[in-house]
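The values are calculated or read from the model by the stated rules, or taken from the named source; none is laboratory data. Since the structure is predicted, the reported quantities are computational estimates derived from the model, not experimental observations. Every residue, glycine among them, receives a Cβ derived from its backbone with ideal geometry; neighbour counts consider all protein chains shown. Areas reflect the complete protein model, heavy atoms only, side chains present, ligands, DNA and RNA absent. Shrake-Rupley method; radii C 1.70, N 1.55, O 1.52, S 1.80 Å.
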Number of protein chains: 2
Amino acid sequence: MEGSRLTKAVQREIEAAVQGSCSAAREDRICYSFDATDIRGLPDIVVWPESPDHVVAVVKIASRARLPVVPRGAGTGYTGGSIPICGGIALSFEKMTRIADVNVTARVAVVEPGVVNDDLRNTVESLGLTYPPDPASLKVSTIGGNVAEGAAGPRTVLYGTTGDYVVGLELVTMDGSIIRTGYLASASDVSAAWDPGPLIVGSEGTLAVVTNVALRLTDAPEVTRTYWAEFGSLDDAAAAVAMITADGVPVSVLEIMDGDTLACATEYVCGRAPDTRSEGALLIEVEGAADDLAGMWGRLRPILESCGATGIRAASDENERDELWEIRRSISASLARLGTGKINEDIAVPRSRIPMFIAEMRRISEEVNLPILAFGHAGDGNLHVNIMLDRANRSHMVRAQQAVSMLFSAALKLGGTLSGEHGIGITKAEHLAEELDEAALRVTVAVRRALDPSGLLNPDKILSDRPNPWWDDLRAPAVGA
Amino acid sequence: MEGSRLTKAVQREIEAAVQGSCSAAREDRICYSFDATDIRGLPDIVVWPESPDHVVAVVKIASRARLPVVPRGAGTGYTGGSIPICGGIALSFEKMTRIADVNVTARVAVVEPGVVNDDLRNTVESLGLTYPPDPASLKVSTIGGNVAEGAAGPRTVLYGTTGDYVVGLELVTMDGSIIRTGYLASASDVSAAWDPGPLIVGSEGTLAVVTNVALRLTDAPEVTRTYWAEFGSLDDAAAAVAMITADGVPVSVLEIMDGDTLACATEYVCGRAPDTRSEGALLIEVEGAADDLAGMWGRLRPILESCGATGIRAASDENERDELWEIRRSISASLARLGTGKINEDIAVPRSRIPMFIAEMRRISEEVNLPILAFGHAGDGNLHVNIMLDRANRSHMVRAQQAVSMLFSAALKLGGTLSGEHGIGITKAEHLAEELDEAALRVTVAVRRALDPSGLLNPDKILSDRPNPWWDDLRAPAVGA
């Protein structure tokens, strides 16, 4: 879908509908044209709805005027899901940030989509509860965005992903209807008939606009213990992951990183490279009642040692824990400083096959002659692989494109998936047919058409014939060719 | 949809497609015409598929011949979901009972839909794992049926419902495509894009035929403690439920029953009425590590005592535990012997509002002058209310119909739902619009049409203009009128 245009008349209609909470100024539109990819798509107008009624009014106008509607959280996505690639309306939820209710007895919070993940966690933790899904972006990313992408995080290994916590949704469909599902339909834990709610999680804003979310909370753990281990090779670290998994240690966090990633993040956090170089590291946590955790280190340590771990340590206090986490959480920021570009992919494989994937990744890195750094949520098999390159270097881009295809093939061959938690968006749409067979794609299309017959809701995402804009330059004739 | 007819030619086609694993003999068709309601619907043919390929072949023939297809588990449903009310093909999964895989490391079992719930549990318990969802029908009902209805059970209060355990599905759609979702698409825990799988759970076989299910397993609890308490009034028992919930005691079972139910089930199990009459009882369990449970009785007992409980006891061994459970599990069978009929409804309300619902139920019982017995899964607010009557007595039926409407209204007014775990099927379809608003119904219709454009998959279930057959006689002129 191309060339949507906002007329002055429609713009005035929108302004009236949302009492001026919108802007068609170029400087505002630019601010909503991007996410964490390098892709850009300029909206025709930015709208900041303040209520579900605003959203209803806006989608009705958009339907009539044939304007795309692109819901947007904090814009931290890695696959272009929130980029208005076809123009139209960027629907940003920065003004819908209310935590409307925390029902401590029912262990359910009702929040607006613009609530920042970490703000929700801090609020409910003050009540003795917690909200486990913890994407690395948690300090900025919003619940609406987390729901759209089905966000996961380090604690997913024990607690599952966002979808495991959504117990009710308020949705606005493109015909301007409001639908409430689950907890938001009836205050009880169950609801009549089948619930279209679960379909929305991970649909990247292509089926309906989420305007309220009911989230299940859990009891905050009594105690958390944090451990760290380094290894002489990434293979050894991966082997330790497989052994910990097979042993059934109930880890709540099991993060892996390779030597370059570790060195880069350490330097970023500490201002200097680590004293001794390691080729792999694991950040491990267990949580629960203090008594239950007493024996845990006794189970973990021998496994780590048998895999050749060095520098094994247990964080002795909250400060030491924060230091270890700061290294982990700084990875993306530190890698961004490393070169003139990176392409971040987000595959997942069964945990037992991480060592096989790492070996394959290393082979691909050699074949294309580009560094590929890996880190991620080893506990649920979700690895972030980063191809380091200079985006201005055409040869780098040609080889990166090959590497991406090879990495996806390798993951799928190992029984894995294209996307652990970043969604499909724009950048992976061209690869979706490699994972989903024809019948599954047909159902995906049919359901999308059923929910949004207009085709205006976040168009050209997930299902798209649009080539991945990353490789646009490669399709143009080379300069001088 | 009425008057579907099976021609001899189509019958021969089906016979060839499933290598004779089918029957159009009247005696066989009768065996597949019912469930636990009193409704009957004779299929034109019964097919026992032995593989997904059989199912594909059968739905292709059915689509061409315009024959309804009605998937069926053990036929224990309470709302008519598996009754071939429009004729056509009864697709019974009695020959697809393979537990194909139990992956102890991944804690996932892959099973065919005909596997009996309790057979799966016994198998995985021998491996130190368990499958928590435990509908009262667990000794006969099948995983396929459990998935279709989104079955719950006593342990739902702690563990959730069937939907919380489905991590992958193999589906056959009415166009004869096979779709694999989640764990059955990629062996990892996550899958690309959004997953139509969750939509299937609770869809009562109206969207696709399930031919394989991947189920998440959990660690078997180290210890289970079972408690029993009786009360001078049902209100007191309901108050105890609300207090236990508010206190946050992590009960794994919290079952309630009223005095008549208790007397009836006790007599059924023990051969004589209880020595002293109680007006309410609770069956309570906690489970986990022995150390964690040590303090639990100390928390529960004062709550029970403060609500006036008498006859408080803790089961001292497995025999005593079995006795208590036998009373609970015999309720339905014992009530069936009590009169010449009952109408079983399955509402749910927020747990804190159970006392209010019970008061309203008692008022309704007086108003219509029919006994209404209540028992159920108080822990998740799910109550089974049984209107006791003589089905041949027209006045009883008139009053029962009024009572059902009043009970549903009462549940909805309290923020509850029409159906906790029995589905909508045939008997509740006429009430669905009281719970779902117009937009939600529209989406339900659109999604169903997207998945099954033929309209042949379990027609006239959930969404139907067909009046509830229970009241058929009331619509005919009264005899002698």
Which loop trypsin sites (Lys or Arg not before Pro) in segment B:212-299, with loop taken from DSSP, have no more than 16 other Cβ atoms within 10 angstrom of their Cβ?
B:272, B:277
For a paramagnetic label modelled at 7 Å from the Cα of residue B:402 toward its Cβ, which residues of segment B:350-391 fall within the zone defined by backbone nitrogen distances under 12 Å?
B:364-370
Extension gain, residue B:30 back to residue B:118 (0.36 nm per residue minus Cα-Cα distance, nm):
29.0 nm
Under the Kirkwood approximation applied to all pairs of distinct alpha-carbon atoms, what is the hydrodynamic radius of the protein assembly as shown in Å?
29.6
Computed about the Cα centre, the charge dipole of segment A:1-113 from +1 Lys/Arg and -1 Asp/Glu charges at the Cβ has a magnitude in debye, to the nearest 20, of 260
Cα-based Rg and Dmax for chain A, in Å, come out at 22.7, 71
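Might you tell me the accessible area per residue for the protein assembly as shown, computed with a 1.4 Å probe and given in Å²?
It amounts to 36 Å² per residue over the protein assembly as shown.
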Rounded, prolate or oblate (a/c below 1.5 giving rounded, otherwise prolate when a/b exceeds b/c) for segment A:71-185 by Cα gyration tensor:
oblate
Along the charge dipole of the protein assembly as shown, which of A:39, A:11, A:214 sits closest to the positive end, that is, farthest toward it, with unit charges on the beta carbon of Lys, Arg, Asp and Glu (+1, +1, -1, -1)?
A:11
Measuring from the longest principal axis of the C-alpha atoms of chain B, the long axis of helix B:394-413 (C-alpha) lies at a number of degrees, nearest 10, equal to 80
Pairwise burial A:B, computed as accessible area of each alone minus the pair, summed, 1.4 Å, Å²:
4200
Chain-alone versus full-assembly comparison, segment B:98-140, residues with accessible loss of at least 50 Å² (1.4 Å probe):
B:105
Which cross-chain or sequence-distant (5 or more) residues have an amide H under 5 Å from the amide H of residue B:220, H modelled 1.01 Å from N in plane?
B:129, B:130
Column: log10 I(q)/I(0), Debye, Cα scatterers of segment A:222-266, q = 0.31, 0.32 Å⁻¹:
-1.23, -1.25
So the angle from the long Cα axis of helix A:318-329 to the longest Cα principal axis of chain A, reported in degrees to the nearest 10, equals 60
In degrees rounded to 10, the 0-90 angle between helix A:52-65 Cα long axis and the longest Cα principal axis of chain A is 60
9 Å beta-carbon shell around residue A:346, net charge (K/R +1, D/E -1):
-1
If amide H atoms are built 1.01 Å from N in the plane of the peptide, which residues on other chains or at least 5 residues away come under 5 Å of the amide H of residue B:81?
B:426
Computed ³J(HN,Hα) along segment A:221-237: with the Karplus parameters 6.51/-1.76/1.60, θ = phi - 60°, integer Hz and x for glycine or proline, the list is x, 5, 9, 10, 10, 10, 10, 9, 8, 10, 9, x, 8, 5, 4, 5, 4
Could you tell me whether segment A:386-481 comes out rounded, prolate or oblate from its Cα gyration tensor? Rule is a ≥ b ≥ c as square roots of the eigenvalues, rounded for a/c under 1.5, then prolate if a/b exceeds b/c, otherwise oblate.
oblate
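Need one word for segment A:1-123: rounded, prolate or oblate. Basis is the Cα gyration tensor (sqrt eigenvalues a ≥ b ≥ c); a/c below 1.5 gives rounded, then a/b vs b/c decides.
Judged from the Cα gyration tensor, segment A:1-123 comes out oblate (a/c at least 1.5, b/c at or above a/b).
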Carbon and sulfur: what percent of the protein assembly as shown's accessible surface (1.4 Å probe)?
50
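Please average, across the residues of A:281-292, the number of beta carbons from any other chain that are within 10 Å of each residue's own beta carbon, and give a whole number. Walk me through the numbers on the way to the answer.
Working: counts 0, 0, 0, 0, 0, 0, 0, 2, 4, 0, 3, 4.
Mean partner shielding for this stretch: 1.
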At a Förster distance of 60 Å, what's the computed FRET efficiency of residue A:95 paired with residue A:289, Cβ-Cβ distance as r, to 0.05?
0.90
Under the Karplus curve 6.51 cos²θ - 1.76 cosθ + 1.60, θ = phi - 60°, whole-Hz ³J(HN,Hα) for segment B:385-390, x wherever Gly or Pro sits
9, 10, 8, 8, 7, 9
Counting pairs of alpha carbon atoms under 8 Å apart in space and at least six apart in sequence, what relative contact order in percent does segment A:99-223 give?
31
Length-normalised contact order of chain A in % [C-alpha pairs under 8 Å, at least 6 apart]
15
Note down the nm distance, to one decimal, between modelled labels 7 Å out along Cα→Cβ at residue B:140 and at residue B:474.
2.7
Calculate one ³J(HN,Hα) per residue across segment A:203-212 by plugging θ = phi - 60° into the Karplus curve 6.51 cos²θ - 1.76 cosθ + 1.60, and present them in order as whole Hz with x for glycine and proline.
8, 6, x, 9, 10, 6, 8, 7, 10, 7
Residue A:93's amide H: which non-local residues (gap 5+, or another chain) put their own amide H closer than 5 Å, with H modeled 1.01 Å from N in plane and none for Pro or chain starts?
A:72
Minimum 20 Å² accessible area buried by the other protein chains, segment A:199-216 residues, probe 1.4 Å, relative to alone
A:199, A:202
Short version: which residues of segment A:438-456 lose at least 20 Å² of accessible area, all chains versus chain alone, 1.4 Å probe?
A:439, A:440, A:442, A:443, A:444, A:446, A:447, A:450, A:451
Would you mind pulling out the separation of the Cα centroids of segment B:402-436 and segment B:120-175, in Å?
24
Over segment A:365-481, what relative contact order in percent results from Cα pairs under 8 Å that are six or more residues apart?
22
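Just to confirm a number: summing +1 for Lys and Arg and -1 for Asp and Glu over residues other than residue A:389 whose beta-carbon lies under 12 angstrom from that of residue A:389, what do you get?
+2
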